[in-house]
1. Quick one: would you say A:Ser74 is in the same structural domain as A:Val166 (by TED's automatic domain parsing), touching a residue at least 24 places away in the same chain (Cβ under 8 Å) and of a type in the set (S, T, N, Q)?
2. Return the pair list, or none, for Cβ contacts closer than 9 Å from residues in segment B:42-57 that are closer than 25 Å to B:His106 by Cβ to residues that are among the basic types (Lys, Arg), at least 6 apart or on different chains.
3. Would you be able to say whether some residue in segment B:55-73 is more than 10 Å from chain A (Cβ to nearest Cβ) and more than 23 Å from B:Lys138 (Cα to Cα)?
4. Given the structure, is A:Gly165 within 23 Å of A:Leu93 (Cα to Cα), more than 18 Å from the chain's Cα centre (by Cα) and of a type in the set (Gly, Ala, Ser)?
5. Of all residues in segment B:74-86, which are assigned to a loop (DSSP other than H, G, I, E, B) and either more than 13 Å from chain A (Cβ to nearest Cβ) or crowded, with 21+ Cβ neighbours inside 10 Å (or both)?
6. Give segment B:87-113 a look and list any residue that's over 22 Å from B:Lys56 (Cα atoms), within 13 Å of another protein chain (Cβ to nearest Cβ) and among the hydroxyl-bearing types (Ser, Thr, Tyr), or say none.
7. Exactly one of these conditions fails for A:Asp50: (1) touching a Cys at 6+ places or on another chain (Cβ under 6 Å); (2) outside the structural domain of A:Leu128 (by TED's automatic domain parsing). Give me its number.
8. Does segment B:57-95 hold any residues that are more than 21 Å from B:Val168 (Cβ to Cβ) and of a type in the set (D, E, K, R), and which are they?
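The values are calculated or read from the model by the stated rules, or taken from the named source; none is laboratory data. Just so it is clear, the structure is predicted and the values come from calculations on it, not from any experiment. So basically every Cβ, Gly included, is an ideal-geometry build from the backbone, and we count neighbours across all protein chains shown.
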There are 2 protein chains.
Amino acid sequence: MNAYPQSVIKLISEFGKMPGIGQKTAERLACYILKQTTEEAMQLACAIRDVKKLVKTCSTCFNVSENDPCHICSDLSRDRSTICVVEQLADFLTIEKTGKYRGLYHVLQGHISPLEGIHPESLTIEKLLHRVNAGHIKEVLLATNLNMEGDATALYIHKHLSPSGVRVTRLARGLPTGSYLEYANTAIVADAINGRNEMAEV
Amino acid sequence: MNAYPQSVIKLISEFGKMPGIGQKTAERLACYILKQTTEEAMQLACAIRDVKKLVKTCSTCFNVSENDPCHICSDLSRDRSTICVVEQLADFLTIEKTGKYRGLYHVLQGHISPLEGIHPESLTIEKLLHRVNAGHIKEVLLATNLNMEGDATALYIHKHLSPSGVRVTRLARGLPTGSYLEYANTAIVADAINGRNEMAEV
């Protein structure tokens, strides 16, 4: 590693801290920065600075935005009676990209995981309950991940929302479109059987 | 994509310009930056700035360095009679990591590829010939890639170095350690046969 100048080693180490970026990729990215003109490379540096300067967390839904309330919370054309609950920012985008959902969001900023020391109080669940209890909400769609932590988090929220009488829904569990039964995991097929639907009339 | 604030979209697009970083990864990296504290994120931004401010190209070997001549060219403990010729920076590091080479380097900054409009004059070949003709060089190890462009570049340099009488060598071509003949490409096996060596005495 000491084949590189100090500042390059530092850059490689910073790239290497990012998720999914190993040593090799970090080196390739640093080489890319070295090859760029100063102006081009500074566009990335400035983009990072601008994001940290401009982007805040929405105090209502905990989404990121340059304004508070965020562009979703302040968009009057959206369905203000539905809240989609996601674990994190990236999940919000995944939902938003489908174009199938036009309601509001609530970003939990994680999932319940006692093993990792993440308890309900470390998340924004309390704020969600306040939002729902403040009224006007008819449905809460729990879009946490379909794994143990996501399920536990959904269960916890469901339990605490029950008294409010609001409709609580969960993302459908089944086989992904395009999949072959032959290669599917038993647990996934079992879920698909449990959740079977009536065929739509032709 | 307009689910994200403007500054985040800009950051995703900047990350997306980097090699091997697709849209999905760029989004994940941007989410990582959003999650970081401002201080942590600025370390990456500053590392990029510092590299562009501090790192220059060595005027002798065209390696990158914070000094000119670079740390390799000015290292008197290295073998100053051998030059290893590589296409690019990343290749220099690959060689350096093996610890098997203790001579000097020459970074071509590319390879000859008439189809891409890269002619010998666009590379640092002229400078390499000057270095060799200035004397004291006994061996030039051509470590360009083992593909068509790398071979063509090596051939071109070899032709132009012949009059100088310097020893010109090329990286060995053969089967990679750990490989199985059964799965090896015919051309690679042919190379390994052509380049066969005497077994070392036990």
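1. Values: in the same structural domain as A:Val166 (by TED's automatic domain parsing): yes; touching a residue at least 24 places away in the same chain (Cβ under 8 Å): no; of a type in the set (S, T, N, Q): yes.
No; evaluated as a whole, the condition is false for this residue.
2. From residues that are closer than 25 Å to B:His106 by Cβ, the pairs are B:Val51/A:Lys10.
3. As a first pass, look at segment B:55-73 and keep what is more than 10 Å from chain A (Cβ to nearest Cβ): B:58-62, B:68-69, B:73.
Now drop any that are not more than 23 Å from B:Lys138 (Cα to Cα), which leaves B:68.
Yes, segment B:55-73 has at least one match.
4. no
5. Initially, segment B:74-86 is screened for residues assigned to a loop (DSSP other than H, G, I, E, B), giving B:74-78.
Residues satisfying the conditions are B:Leu76, B:Ser77.
6. B:Thr98, B:Tyr101, listed by residue number.
7. (1)
8. B:Glu66, B:Asp68, B:Asp75
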